[in-house]
Every structure is written in C-alpha cells, then in structure tokens.
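Here the structure is laid out as structure tokens; the discussion comes afterwards.
The values are calculated or read from the model by the stated rules, or taken from the named source; none is laboratory data. Computed from a predicted model, the values in this text were never measured in an experiment. Heads up, the Cβs are rebuilt from the backbone with ideal geometry, glycines too, and the neighbour counts pull from every protein chain shown.
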Amino acid sequence: MLNYALNRVLTLVPTLLAASFLVFMFIHLIPGDPASILLGDTATPEEVAELSRELGLDEPLWTQYVLWLGNVLQGDLGTSVFFREPVLSVIAGGAETSILLATMTMFWIVVFGVPIGIISATRHGSWVDQATSGGAMLFASVPTFWLGLYLILIFSVGLGWFPSSGFPSLADEGGVSNLRYLVLPSLTLAAPNAALIIRLIRASMLDVSREDHVRTARAKGLHPVRVAIKHVFRNALIAVSAAFGFTFAALVSEAVVTETVFSLPGIGRLVVQSILRRDYPVIQGVILIIVVFYMAINLLVDLAYASLDPRVSLK
Amino acid sequence: MALLDIRNLDLRIARGSELLPVVQGVSFAVEENETLGIVGESGCGKSLTALAIMGLLEGSAVRIAGGSVHFQGRDLLTLSPEERRRVMGDQMAMIFQEPMTSLNPVYRVGDQIREAILQHRSMSRRQAHDRALDLLELVRIPDPVRRIDSFPHQMSGGQRQRVMIAMALACDPKLLIADEPTTALDVTVQKEVLELMRGLQTRTGMSIVLISHDLGVISETCDKVAVMYRGRIVEQASTSTLFSNMSHPYTLGLLGSIPATDHDVEWLDAIPGRVPTLDEAVPGCAFHPRCFAAKGSCRTVDPGAAAVSPAHFVRCHFPQGSSS
Amino acid sequence: MSVPLSIALVFRRRALATFGMCWLLIVGIAAIGAPLLAPFDPLEFDPFVRLSDPGWPHLFGTDHFGRDSLSRAIYGARMAILIGSGSVLIALVAGGLIGMLSAYFVRLGHLLMRIVDVLMAFPALLLALVLMTLLERSVLNTVIVIGIVYATTTARIVFGMTLKLKRDVFVDAAICSGARHASVLFRHILPNLVSPMLVQASFIFAFAQLQAAALDFLGLGLPPEVPSWGNMLSEERIYVTRAPWLLIFPGALIILSVFSMNLVGDALRDNIDPRFKNDIAGV
C-alpha cells in the first residue's frame, strides 16, 4: 500500500509542476507589466521597480518561475493589493467557512444521496424509482444560485428559520450554533451534487445487480435487503467512492456561486471579489491552493479506490 | 415419495405486453441420492427450469405460469418469499456455470462460505470459520488454511468452482442443482470437478440435478436423463435405457450420430438448422423443421408424451428404434 | 444501429424524452423567430412601466428598467442555443480530435493527455473563471471558455473509448490490410464514436447552460446588456421580493431546457454500445 501511494504521488509531481507553471503564467498572460499588476494602481514607480527586481522580471521566464516556486514553497504567495496583507493569510481567513461549508454539504449529500440512491436502485422500474431518479435529474438541472435565492426567500424571509447571509466564525459569539448560517448554503450546494450521486448509485447498483455473483448471494437464501447492501451496494461503492471524492474536491470551487448568493466569507467568494477588485496576487494564490487541494483529494480517492477493490494490484 | 417432484411446470417470459411460453408442461421427479440430468441446447429452457426450482426467477422477466414444485412434500410455489429463502441455500443449493464471475470479487472466499453457513445455522463466527475450513478440505482445495483468506481473483477457475461447491454444501443440502458446472472449465478440470461431485454425493447422500448441453457428461454422471427441446421434455428415461434405446430424433442428434433406418448409414456432426426463436410459431412438433424423420403429421399435430416402455417417455410421432 | 433509427426507437418508448425534445424544439423556434415573436424590443427602456406585474401587454411583466421580460426571454433562447451548440461544437471537435489522436498515436498521446491532465487539475468552474478573467466579457469568449472546459473532459472520454475500439478485430483488420492512418481513424473508428459522442453532446449542452448562467450570475459571463436567461436572473435578483416573477420565468426556462437536454441524453444513452455507457460524463 505504501509503495502504491508513493508511486501515485510521484506520478502526480509532473502534473503538479505543469499546473503550477500555468498558475504562474496567469500574471504574465494579463496585458500589462506583471510588477504593476501585482502592486495595483496605487503603486509608485519606485515600488514597481523594486518588485520587478525581486521577481527577476528581466531574467528569462523559467528563472522567474523557479524564483516564484521557491517563494511559494516557503509559504510566500505575495501580498494582496486590496488588503495589503500576505495572500496566504487572506486565504486562510476564508478557509474556515469553506471547509465547514464543504463538510456540511458532503454530510447532506451522503445523508440524502445514499439512501435515496439505494432505494431507487432496489425498486428499479417502480414508481418510487421513476419519481426519485426523475426528481434527481430535475434537481441536477437547477442553477444553484436560483435555488439559493428561493431557499432564502422561503426559509429566511418567509419563515425566518435560518439567517439569509454571512457566517460568523465558530470562535465568535454563538459558537457552534453559528452553523445555522450554513444550513441553507450547504443544502443549496448539496442539491445538484446529491442528485448526481443518486443517479450514479442507481446506475452502478443496477450494473452490479446484473452480475453473476449477486445470483450466488441470493441462492444462499439471503434477505433481499442484505443482498442489496452487502453485495450490490458494497461493490457499487467502488465506483461511487470515486465520485464522492471528486465531488468533495470540486465543492470548494463550486461554492463560488453559493458563497456569493449567501455572502459567505469563504474562499469561493474571495475569488470572485478579487477578480472584480483586480487583486491578482490573491487570484493567483487561491487558484494555486485550490488546484493543489483538488489534486490531493483526487490522490486520496485513488488510494481509497485501491483499498476498496482487492483486484487493484497494490504494487 | 420423491424428494423433488415437478408437475406440469409452465414458465413464461414477458416480452412487451405479451407472455411467451419458455417452458411448457415439464414434469420429472428426483429420488433421494439420485442424479437427474437435464440436457438440451442453449435456450431450451433447462436453466430457467433450474432457476424456477431454486426460486431465483424473482425480479427477472420470467413468470411461473403454472404447475407445482414439490420438495420434501411441500409445494415450493405456494410458500411465501420468506419461507422460500429458508429452503434456499439450506435444504437446496445451487452452483452455476461461470465460476469466474459467480463469486463476489470484493470478499475473501472464506467470508463468502461463512455467510452461507451463518445464514441458516446459528453458531459462532469461530465455529463457522472451522466449518468453512472443513468444507474447503472436503472439496479438495490444497492448503485450505491459507486459501480461506484468498480473494476469488487469486484462484483458478477450477478452484473457484470448488469454492462454489463448498459454499453450496455449507448446510448439507438434500438437493444440489448444478447448472452447467463444468462448461467453463478445461477438459481435465471438468473431469476432476465431476468426480468430486460424485464422491460428495456418495458421502452425503444428496440428490443432484445436473444441467448440461453435453450428453457425454450426463451419461457418466446421471441415473436419469430428461432431454429438453424448446421448453418441453422430449424424452425421459433412466440413463441406461436412454443410451441403449434412444427414441427421439433430437436425442440422437445430440449424441452426434444418426443411424439411418432404411438405407445407407450416415453420420452427422450436429443437428441441422437452429432452435426457432420464441416468437416464431412452429405448428405441429416443435422439432420437425430440423428433424430427419419428419413426415406429414409432424408438421400439423403436436405429439403428446407417450411411453415407449414403462419408464421411458418420448414426445414423437415416430420414435426411432421402436420399429412400428 | 444507425443513430436516426435509434433516436426514433427511443422516443417511441420514452414519453419524457419526447417531452424534452418538444421543449427544445420550442426553444429552437423561439431562437430563430425571435424578431418576429418578441412583442417588444428586448433592449428598450420604458421608465413608466418599471417592475410591472405580468399582464397585458407585458405577459411576463417588466424588469427594473421597464424592459419587456417576455421579449428578453425569447431573445434569451437565442443565447441558450448559441452557447449550447457553440460550446458543444468546440468541445467535440477539439476534445474529440485530441482524444482520438492520443489513443491512436501512442507517443503523441503521452504528451497530449498530459496536457489534458494538467487542465483537468483545475476544477471546471475555476478554469472558466480564470479564463474569463483573462478575456473580455463577450458572447464569443464565453462560448470559447465553456467549450475549452468541456473539451478536456471530452478528450479524456474519447481517449478511453478509442482505446477500447483499437482493440477490436475490425480495426486490426483495417490496419493489417494496409489502410492508411487517416482512413482507419475516420472511416473505421470515428463512425463507432458518433453515437456515444451524440449522447455526450446533449449532456455538454445541458452543463453549458448551467455554467453560462453561473458565469452571468457572477458578472463574468455575457456582457450585462445581452438578453440571456442568466443575465435576467443576475440583474433582477435584488428585486426578488418586489417582483418574484422576474426570477421565476427565466429560472424556469433554464431548468426546463437543461432538464430536457438531460432527458434526451439519458434516453439516447440507453441505446449506445454498452461498453461506452460508463464512459459518458452525464446525469
């Protein structure tokens, strides 16, 4: 297992380097002088000249990349034009919201997605199945911001059950009860993803249930529920677990829209605001962090996949 | 009283809004410690008959339209699903054609055998584990202590079929249904598996229903034979009677030899033509389009089952051998 | 089975898919006939009828500039079709070519698929955001960006499917009989990819609508004056409590169109080569 993991990490390195190069190039692709872009409109010519020297802007591109990568590896992602703060600490400020939102969303996806998917598959062809799998497809077709706006309209404005926007830290007054700020956003973000998971569980379970070994399990006299869970769902889980991973990895960036609708101080909203503020160092830093996170999760998915399927050779 | 007694079993498959017959009026009985062979080409309904006996048609497009399946004196078709499951895997077990895919790839073989035991017997996991080891030894898996922790993909086809047999024997069934158990295996392995099954039968006294398309396999293993063609039993007799006095042209064709009756001897490798599909209506005897002996009435009148000798039934207007 | 025949078969069997197809036909007609069908100029301000309720003559009401919502919705169908088909075209042509060539020419494949891997290291919406940051807001750029995002997915899918086809006997036979690479690729492999790619196209068409609407909402998609359903939602969202219909109509139009396209893709998927079923990225 350790060898397999090491091997997977090593094959990821070139992709990671290439992706980081693209992120580095981001600043250079924007029309204008990189030093002025990084410093914003208010910078003096002296400041621009100094940063140019620091970044090695008169050096060849690859030297600049190595310089930049060296800084990144030491945790220096530059300074935010807007906040006048190190980019890393700006991003760290949004991390709590983003991670809590993603975790809560995953919770809904599992709580709603798994049982509904299993029921839909085991009652294949019945009206229950048609309603759930059709309903899931409908939910997968709803723009998240539209759903979010209506959830606010109904549950915040109308019924007053949940706050409509913002998220005070769990460390602030209110403590854990502040999680109620994340209920509507996480449900909004979960809806289309849970819908996809339902459809996937259903399809994978139907595939597995046609396999010969399921007939063997039934021939043992096992209860249909046991067959469905232990033999069909367990085997379908190999494919489904990968989807869970990809979904989680994508949540942080998908949350861009949701965080904007609910004005949550997360990383997603930071991206959008930084784009609108032309705060390029922050944009660059966030992209880099999201990409690294995304690849790390995908790596974990691979490893989980290998441990769920004994047929995958671990050598 | 016979252990298994099947009367007039009718199976139909749902095709769109129609129900097409796939098995019609099948009757046979299996005594204790007896082996019955069901032989026929693929699509003749032999596997569906087996699945119907076992109770595995639920959830498929095939419906039981009539008949009875008496097992140990009870009609299985009248039992509730729950009662049915109590028989399945306990008193009656089944092994399948594809050993490569019939085991769940994600569980160790020991776990899969243990599951079969614990479903019907209350014992500790430890005891079930020991029982699984005994079973693996019984089916002559080498080094069972190590093999019990193997995954199916780490075993050969022959070994997997042995595991399947071990799993089927988990609760000492009175009846083992074996659907083409050796078809997917190499010739040498086939022999070993058949010998194993025979040996186990001697030891346990169970009855076997062996389904095969291979008359050779049947002749070596079975006490009685039922030959099926297009959903019906066309000939049924004890193995010795059948092989000494084959009466249905189809049975002769299956053996691969058709001795000519009135002129020169000719040998054919196979039966000409193909099995008509379900929705093709064949008037008269279902076999007449492919029959070397078909005459006028074969094309219009369906022959009923008739006894050529006391325990030898044949469905043919002009049974061979019995010179009329 | 030929594609048109399978479409006919599927639609006879699946009422929902037929419904989807009908709705898409309506959207198509609205898109083509927009200048004839729209009762008002979709861009014309009328300060006297701001945020008016649905009724006569403004059937869908008016927005906060007094523009006629129905007319904007009808012109919005144009944008929906344009963005859907434009990004499908880019994704299938670019992604399809990259995927096929990569699977067929092994060495080139190593390089191309690595590039695809790198692009796929960026989550779809993030990639679209980053690209839109670098480009000006315009219809063409939106189409290109969404097209590129789905071209990477398509490339990987087509790559996998071509690898499977390459193992088929008929491809070996074609190579052995001395067929030229172009002939093997386009006369033997491509025809087998048409059906699965058609299925993929319908799902990309659906995804592209949602992606474009999200970009519009974030203020990074189509220019704000362009009458698209996404822009209608984005611009009027602050009036949601005063004029809820302003969000219901365009929202329903997006949902119906995406749902319809998903239904069509789902129905078509049932009829393709079962080996390719799990390769398709869809709902």
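A:Ala219 meets the conditions (1) closer than 30 Å to A:Asp309 by Cβ; (2) away from chain B (no Cβ under 11 Å); (3) aliphatic (A, V, I, L, M); (4) buried (at least 24 other Cβ atoms within 10 Å of the Cβ) in every case but one. The failed one is (2). Among the residues of the stretch A:228-242, those identified as free of Cβ contacts under 8 Å to residues at least 60 places away in the same chain and surrounded by fewer than 19 Cβ atoms within 10 Å (Cβ to Cβ) are A:Lys230, A:Arg234.
Scanning the stretch A:5-25 for residues that are out of contact with any helix residue (DSSP H, G or I) (no Cβ under 6 Å at 6 or more places or on another chain) and hydroxyl-bearing (Ser, Thr, Tyr), we see that the one that is surrounded by the most Cβ atoms within 10 Å (Cβ to Cβ) is A:Ser20.
I'd like the residue in the stretch B:262-312 that is among the charged types (D, E, K, R) and under 27 Å from the mean Cα position of the chain (by Cα) and, out of all such residues, is modelled with the lowest pLDDT. Within the stretch B:262-312, the match that is modelled with the lowest pLDDT is B:Asp269. Residues in the stretch A:182-206 that are more than 14 Å from chain C (Cβ to nearest Cβ), of a type outside the set (S, T, N, Q) and crowded, with 22+ Cβ neighbours inside 10 Å: A:Leu182, A:Leu184, A:Pro185, A:Ala190.
State all residues of the stretch A:251-275 that are buried (at least 20 other Cβ atoms within 10 Å of the Cβ) and at the interface with another protein chain (Cβ under 7 Å from one of its Cβ atoms); if no residue qualifies, say none. Listed by number, the residues that qualify are A:Ser253, A:Glu254, A:Val256, A:Val257, A:Thr260, A:Val271, A:Ile275.
Looking at C:Met79, C:Met21, just one residue is farther than 27 Å from A:Val257 by Cα, touching a Phe, Trp or Tyr at 6+ places or on another chain (Cβ under 8 Å) and not polar (S, T, N, Q), and that residue is C:Met21. The requirement of being without any contact (Cβ under 8 Å) to a residue 24 or more places away in the chain, within 10 Å of another protein chain (Cβ to nearest Cβ) and assigned to a loop (DSSP other than H, G, I, E, B) is fulfilled nowhere in the stretch B:119-135; no residue meets it. Criterion first (touching a helix residue (DSSP H, G or I) at 6+ places or on another chain (Cβ under 6 Å) and part of a helix (DSSP H, G or I)) does A:Leu51 satisfy it? Spelling it out, A:Leu51 is indeed touching a helix residue (DSSP H, G or I) at 6+ places or on another chain (Cβ under 6 Å) and part of a helix (DSSP H, G or I). Here the helices (runs of 4 or more DSSP H) wholly within the stretch B:151-264 that include at least 3 residues being free of Cβ contacts under 8 Å to residues at least 24 places away in the same chain and in the same structural domain as B:Cys285 (by TED's automatic domain parsing) are B:187-204. With respect to B:Ser102, determine if the residue is small (Gly, Ala, Ser), in a loop (DSSP other than H, G, I, E, B) and more than 8 Å from chain A (Cβ to nearest Cβ). It is false that B:Ser102 is small (Gly, Ala, Ser), in a loop (DSSP other than H, G, I, E, B) and more than 8 Å from chain A (Cβ to nearest Cβ).
Name the pairs: first residue in the stretch B:71-98 and within 11 Å of chain A (Cβ to nearest Cβ), second residue polar (S, T, N, Q) and surrounded by fewer than 22 Cβ atoms within 10 Å (Cβ to Cβ), Cβ to Cβ under 7 Å, at least 6 apart or on different chains? Listed by first residue and then by second, the contacts come to B:Gly89/B:Gln119; B:Gln91/B:Gln72; B:Gln97/B:Thr183. When the residues of the stretch B:187-214 are narrowed to those that are surrounded by 20 or more Cβ atoms within 10 Å (Cβ to Cβ) and closer than 26 Å to B:Thr277 by Cβ, which ends up modelled with the highest pLDDT? This residue is B:Ile211.
Where helices (runs of 4 or more DSSP H) fall entirely within the stretch C:24-126, those with at least 3 residues that are touching a residue at least 60 places away in the same chain (Cβ under 8 Å) are at C:69-90, C:96-104. When the stretch A:293-314 is limited to residues that are more than 14 Å from chain B (Cβ to nearest Cβ), out of contact with any Leu (no Cβ under 7 Å at 6 or more places or on another chain) and touching a residue at least 60 places away in the same chain (Cβ under 8 Å), the one that is farthest from A:Tyr4 (Cα to Cα) turns out to be A:Val301. Among the residues of the stretch B:78-100, those identified as over 27 Å from B:Val193 (Cβ atoms) and surrounded by fewer than 20 Cβ atoms within 10 Å (Cβ to Cβ) are B:Thr78, B:Leu79, B:Ser80, B:Pro81, B:Glu82, B:Glu83, B:Arg84, B:Arg86. Of the residues screened, A:Arg278 is not one that is under 24 Å from A:Arg123 (Cβ atoms) and either surrounded by fewer than 19 Cβ atoms within 10 Å (Cβ to Cβ) or more than 10 Å from chain B (Cβ to nearest Cβ) (or both). Residues considered: C:Pro196, C:Pro224, C:Pro250. Of these, the only one that is touching a helix residue (DSSP H, G or I) at 6+ places or on another chain (Cβ under 7 Å), surrounded by 23 or more Cβ atoms within 10 Å (Cβ to Cβ) and either within 11 Å of chain A (Cβ to nearest Cβ) or of a type outside the set (A, V, I, L, M) (or both) is C:Pro250.
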